[in-house]
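Working notes, beginning with the structure itself.
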Amino acid sequence: MSKSDRIRPRTRLLARYVVAAISVGIAAVITLKLGSVIKHTSTLFFCSVMFSSWYGGLWPGVFAALLSVVALDYYFIPPLYALGISLEEAPDMIVFVATALFIGWLSGEQKRAKESLRHARDELDAKVRARTAELKRASEQLQSEIAEREVAEEGLIRAQAEIARIARITTMGELAASMAHELNQPLGSIVMSGDACLRWLTVKPPNLDEVLQAVQAIIRDGTRASSVLVRIRGLLRRGERSRERSDINEIIREVIALLGGELRRNGASLRTEMPGNLPPVVVDRVLLQQVILNLMMNAVEAMRAVSDRARVLRIRTEEQPSGSIVVRVQDSGVGLDPKHSSRLFEPFYTTKAEGIGMGLAISRSIIEAHGGRLWAVANDGPGSTFCFTLPIDKGR
């Protein structure tokens with residue numbers, strides 16, 4: 001601390017005592033000039049003590065009270081212009097001093113309370129400004145994090161869509177032989193019908209009725225081959241996250257038409273229980289087809305090793321009182337292994353030698369994204385059942 005820093009508090013303290021002395025002097029002069037007007041001589045001296053205590057604190061107020069006693073004794077208490085308090089005047093002077101000190105103490109306490117309140121208000125304002133700045137920074141950081149999270153979520157959605165598409169392509173690769181069979185039949189029929197049409201045209205005279213039937217067969221088989229290709233393209237195209245009100249039974253029938261050859265090739269029969277009065281659901285048609293395709297393919301594969309009983313694939317749909325539709329895909333295959341049942345839906349977990357372990361994981365994520373649930377249970381008899389629910393469209 002420098003010398004000037006040490007001097008400043010002393011100077012301020014001296015100034016407070018000087019102000020106290022001046023205030024007492026002013027009170028004495030005014031009282032002397034207006035003595036006949038002022039009802040109580042000590043009134044201005046009380047004011048002086050109050051002012052000194054308010055301005056300088058307790059001790060300057062005490063100093064002003066002592067000076068007031070001296071001034072009153074010298075100028076206003078007989079004998080005038082002489083110091084000395086008689087026993088008769090002593091009680092009054094004691095009362096004056098006590099009252100002056102009490103008033104000075106109250107005035108000083110009031111000032112300290114105001115100062116304390118001002119400091120508290122200033123500290124509160126500073127804390128509020130600091131807290132506001134912190135909240136503003138936190139808000140900006142949160143907005144930045146939200147923006148980054150939205151970008152990350154968009155990237156995740158794109159990645160999930162691409163993974164789902166890859167899974168569909170992988171499944172379609174497994175169906176390649178069945179697709180070849182599905183296309184080979186109508187194409188072979190088209191060739192045979194074309195040959196027959198040429199033969200009937202070369203007959204003299206041409207048999208136009210037979211030619212007409214051959215052309216009709218060509219059109220029918222060409223339409224059949226085209227529908228197979230349309231279904232394949234629909235499953236392989238990129239999903240655009242578009243949802244529409246759909247009939248769940250119609251979506252299942254489209255997948256059944258695609259898997260007809262695979263069922264025949266594996267010697268499996270299909271049985272369906274799909275009521276025609278089910279309410280619609282709002283779904284992404286391509287993604288839901290992928291789920292049904294994956295569950296049906298898994299059921300067919302589970303029955304390949306079965307030779308001592310019929311290979312039966314059952315598909316059932318039913319409306320639930322809870323406001324959802326449940327779809328059950330049941331097979332008569334080898335059933336669920338208790339050791340693996342708890343991990344069926346884990347990504348990259350598979351019991352197939354050639355599997356990648358993403359089919360069921362992707363299927364569950366698709367169903368949950370639609371507000372439903374996918375699970376597996378063991379049948380009372382042989383085989384297992386995979387079930388999933390979808391909420392009914394409330395706007396119907």
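The numbers here are math on the coordinates, done by the rules we state, and not lab data. If you're wondering where the values come from, they're calculated on a predicted model, not measured in any experiment. Note that we place each Cβ from the backbone using ideal geometry, even for glycine, and neighbour counts take in every protein chain shown.
Sort Glu273, Glu109, Glu262 so the one with the fewest other Cβ atoms within 10 Å of its own Cβ comes first.
Numbers: Glu273 10, Glu109 13, Glu262 20.
Ranked by crowding around the Cβ, least crowded first: Glu273, Glu109, Glu262.
If amide hydrogens are placed 1.01 Å from N in the peptide plane, which non-local residues have theirs closer than 5 Å to the one on Ser384?
Those lying under 5 Å, H to H, from Ser384 are Asp331, Gly333, Gly335, Asn379.
Order by neighbour count: Arg328, Arg309, fewest other Cβ atoms within 10 Å first, most last.
On the way: Arg328 16, Arg309 12.
Least crowded to most crowded, the residues run Arg309, Arg328.
For region 253-294 and region 109-157, what is the centre-to-centre distance using only Cα atoms, to the nearest Å?
57
Over region 241-396, how many percent of alpha carbon pairs lie in each 5 Å bin up to the one with the longest distance?
Percent of Cα pairs in each bin: 2, 9, 19, 23, 21, 16, 8, 3, 1, 0.
Among 245-253, 194-202, how do they line up by average Cβ neighbours within 10 Å per residue, starting with the highest?
Averaged packing, sorted descending, gives the order 245-253, 194-202.
Across region 128-143, in residue order, what do the Karplus-derived ³J(HN,Hα) couplings come to in whole Hz, using 6.51 cos²θ - 1.76 cosθ + 1.60 with θ = phi - 60° and x for Gly and Pro?
Karplus values, whole Hz, x for Gly and Pro: 5, 5, 5, 5, 4, 5, 5, 5, 5, 5, 5, 5, 5, 5, 5, 4.
Each residue of region 303-315 in turn: what ³J(HN,Hα) in whole Hz from Karplus with 6.51, -1.76, 1.60 and θ = phi - 60°, glycine and Pro shown as x?
After applying 6.51 cos²θ - 1.76 cosθ + 1.60, I find 9, 5, 7, 7, 10, 9, 7, 5, 8, 10, 10, 10, 10 Hz.
What ranking do Glu210, Glu123 get, fewest neighbouring Cβ atoms within 10 angstrom at the top? It would help to have the intermediate numbers written out before the result.
Working: Glu210 15, Glu123 10.
Fewest-to-most ranking of Glu210, Glu123: Glu123, Glu210.
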